[in-house]
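J.: The structure that follows is given in the form of structure tokens.
The values are calculated or read from the model by the stated rules, or taken from the named source; none is laboratory data. From a predicted model like this one, the values you see are computed outputs, not experimental measurements. Glycine also receives a Cβ, built like all others from the backbone with ideal geometry; neighbour counts cover every protein chain displayed.
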Amino acid sequence: MTDDEFQRHVTFQASEAIGEWLMSSHLLDRQVRTMKRADLEAMAAAAIARFVKLASERHAAGTKLAPAMELLLFGSASALSA
């Protein structure tokens, strides 16, 4: 899977995580502008968690990650070689 394909996949998965959070919170009947900051932050957290999980699984499967992705996931690209 190319980086672009992975980005599309992660975006789709993140949107599903947001949808799942909205459904479990019973907020689908509300407009986004009526949501509180905590609601929006919870949606973002759900999407970020899904992204990190997918990227970590990709790394665990042996796929070489871009240095920026390693920095995001592990704090430094050099930490992986240590």
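J.: For region 26-63, enumerate the residues that are modelled with pLDDT of 85 or more and not in a helix (DSSP H, G or I).
T.: Ala61, Gly62, Thr63
J.: Can you tell me which residues in region 5-25 are in a helix (DSSP H, G or I) and closer than 14 Å to Ala42 by Cβ?
T.: Of region 5-25, the ones in a helix (DSSP H, G or I) are 5-24.
Of everything in region 5-25, those that are in a helix (DSSP H, G or I) and closer than 14 Å to Ala42 by Cβ turn out to be Ala14, Ala17, Ile18, Gly19, Glu20, Trp21, Leu22, Met23, Ser24.
J.: Restricting attention to region 22-46, report how many residues are among the small types (Gly, Ala, Ser) and touching a Phe, Trp or Tyr at 6+ places or on another chain (Cβ under 7 Å).
T.: Residues that pass the stated criteria total 2.
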